[in-house]
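The values are calculated or read from the model by the stated rules, or taken from the named source; none is laboratory data. Quick caveat: nothing in here was measured; it's all calculated off a predicted structure. Virtual Cβ from ideal backbone geometry, glycine too; neighbours counted across all protein chains shown. Side chains included, ligands, DNA and RNA excluded: accessible areas come from the protein's heavy atoms. Shrake-Rupley method; radii C 1.70, N 1.55, O 1.52, S 1.80 Å.
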Amino acid sequence: MGPAVLVVAAVNAVWQSALIALATAAALRCVRRPSATAACGVWTLSFLVCALLLPLDLAFAPSPAATLRGVTVADARAVSQAGHARQPTPASSVRSPAAVQPGGAVAATVSGWARRFGPTLVALWAAVAGLLLVRLLCALGALRDLKRGARPLGDRPCAPALRAMVGAVRDARIGVCDRLSVPSAVGFVRPMVLLPERLVQRLEAEDLYASVCHEVAHLRRRDDIVQIAQQVCLAILFFNPVLYAVARRIDFLREAACDDAAVTSRASALRYAECLATILGHLARGRRSAAPALIHGRRQVFTRVERLIDWKEESHTMGRAIALIALGICAVALFFVRVELPLLSPSASEPVPEHTNVVVMEGNDDSLLGALANAGYRPTVDDAVALANAGVDSDLIVTIRRSGIERPSISGLIELADAGVDEDLITTAVRVFGSGVSVSDLIRLQNHGVDPDDLAALHSVACTEKPVEDVIALHDAGVDADYVRHLTEKGLQHLSVRDVIRLHEAGVDG
């Protein structure tokens, strides 16, 4: 697996994930009031599938065993079917298998571009992904420092209830931290719920309880672990903008699902919206937190507040519909990687000597491709299909090779087959006229019906610079081999072609 394969598979993954994301959005729009939890689950599955498209494209790409040194199984099947059809087809009408497939021109362009810049792009990819992973490790280290520097909640009246609620989920703890602006559920080892000191002092007990309920819901859903896995995928697949868009949608739905867990009625939803507004007032402009389950910006908080103001109990999880959507996402992904749908085939990006679609094989004279290989040809897939369509078989190739004629071009082979040139005529013509006899000469001899057995005798009086034309002229005049032999026996072998024709037309007995 070379760098070019990785680059083309990455390009495939981008447009495939875009289609999957659009299909997911359209499917969820058809579901009536899906809960935030259900929608978050569907989008998370969509994110996972999109992240796996690159390795799936590589895993299910046509293997080397399914190719003939650059020729795919589909190409070989096209050659085989053309050979069975044996229907003459003009070379100009034969289409390349790459042209038949959708996006074949795009595939050729991107594959060539990937082969040229593939090593550089893969090296750049590895460098950027490494830096992003290091940054993520630093963020996790910062979270560990936050947990180590947290102080106990203190003796507020609601503290025992909060500690009991937090401790009941994954044996988590609760603490106060001055370095945070918003409440945060910090995991993933020894999870904690951290509360900013300023909010602990300013929020009423009911609001503080609702905020902790929100963070406990994150821990219960294990959003901290999922978020870290999500960030790892984004770091490795940073080149895919679709993943960022899907991740932002998941982040919002994750927070919305925990908002729903924190409220129990319309009144409590409005009260919690006021709590979020208070938190928003303390949120530093433009600040983003490294905590996995943290609020990710002012705009998201505004949207959550608007949602809570218009809050309705979203009990419509639509289990069957959600399951069908999830099954559809997996089916679409499998369809992309298993069916010949991708516009850019990873296997097409492997370099092949001289031409990307040259048929190179060690064959024998029993097959068309084998006879072509033994005769020194390096046909492309287009050439092989055109030869098979024209009715060129291994016998014709073997005859040409053994006759010693100067090797005709692929188009010359097709012209010979279209004219129906007899193999005996080829062998005799080369013996009589030499290896320099051309394809057009052979076709003219065939079209005029010159018998191979008469060639040698007719050529004996064809002493001009154009012996083939002399033979054709003698044949068209009705002069046969026996007449020439009789003239030769009488010592008239040095007569010109014109004289022989005049004698024959005059009825002079040889």
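Would you tell me the accessible area of Ser409, worked out with a 1.4 angstrom probe on the heavy atoms of the protein chains, in Å² to the nearest 10?
My reading of the accessible area for Ser409 is about 60 Å².
Within segment 159-263, report the GluC sites (Glu not before Pro) that DSSP leaves as loop and that have at most 13 other Cβ atoms within 10 Å.
On the way: sites: Glu197, Glu204, Glu206, Glu215, Glu255; in loops: Glu204.
Filter output for segment 159-263: Glu204.
If Lys and Arg each add +1 and Asp and Glu each add -1, what is the summed charge of the other residues whose beta carbon sits under 13 Å from the beta carbon of Val169? Mind dumping the intermediate values first?
Values: positive: Arg163, Arg170, Arg173, Arg190, Arg220, Arg221, Arg222; negative: Asp171, Glu215, Asp223, Asp224.
Every neighbour counted, the sum reads +3.
Glu197 to Leu131: FRET efficiency via 1/(1 + (r/R0)^6), r the Cβ-Cβ distance, R0 35 Å, to the nearest 0.05?
Numbers: r = 34 Å, r/R0 = 0.96.
So, using R0 = 35 Å, E works out to roughly 0.55.
For segment 123-160, run through the trypsin sites (Lys or Arg not before Pro) and keep only the ones in DSSP coil with at most 14 other Cβ atoms within 10 Å of their Cβ.
Within segment 123-160, no trypsin sites (Lys or Arg not before Pro) qualify (loop, at most 14 other Cβ atoms within 10 Å).
Give me the distance in nm between label points sitting 7 Å out from Cα along the Cα-to-Cβ direction at Arg498 and Asp482, one decimal.
Computed distance between label sites Arg498 and Asp482 equals 2.9 nm.
Would you pull out the residues with amide H under 5 Å of Ile174's amide H, same chain only if 5 or more places away, H placed 1.01 Å from N?
Val193
Using only the heavy atoms of the protein chains and a 1.4 Å probe, how would Thr44, Thr37, Thr399 rank by accessible area, largest first?
Numbers: Thr44 45, Thr37 80, Thr399 25 Å².
Ranking Thr44, Thr37, Thr399 by accessible area, largest first, yields Thr37, Thr44, Thr399.
Whole angstrom only: what separates the Cα centroid of segment 173-251 from the Cα centroid of segment 378-392?
Here the answer is 64 Å between Cα centres.
Going 7 Å from the Cα of Asp310 along its beta-carbon direction, which residues of segment 29-44 have the amide nitrogen within less than 16 Å of the resulting point?
Only 29, 32-36 pass the distance filter.
At 0.36 nm per residue, minus the direct Cα-Cα distance, what do Arg431 and Val232 gain on full extension? Give it in nm, one decimal, please. Before the final figure, lay out each step's value.
Numbers: separation 199, 0.36 × 199 = 71.64 nm, distance 7.37 nm.
Extra length from Arg431 to Val232 when fully extended: 64.3 nm.
Residues of segment 377-394 with the amide nitrogen closer than 20 Å to a label point 7 Å from the Cα of Asp424, along Cα-to-Cβ, please.
Within reach of a label on Asp424, which here means backbone N under 20 Å from a point 7 Å along Cα→Cβ, segment 377-394 contributes 393-394.
How much solvent-accessible surface does Leu137 expose, in Å² to the nearest 10, with a 1.4 Å probe and all protein chains in place?
Approximately 120 Å² of Leu137 is accessible to the 1.4 Å probe.
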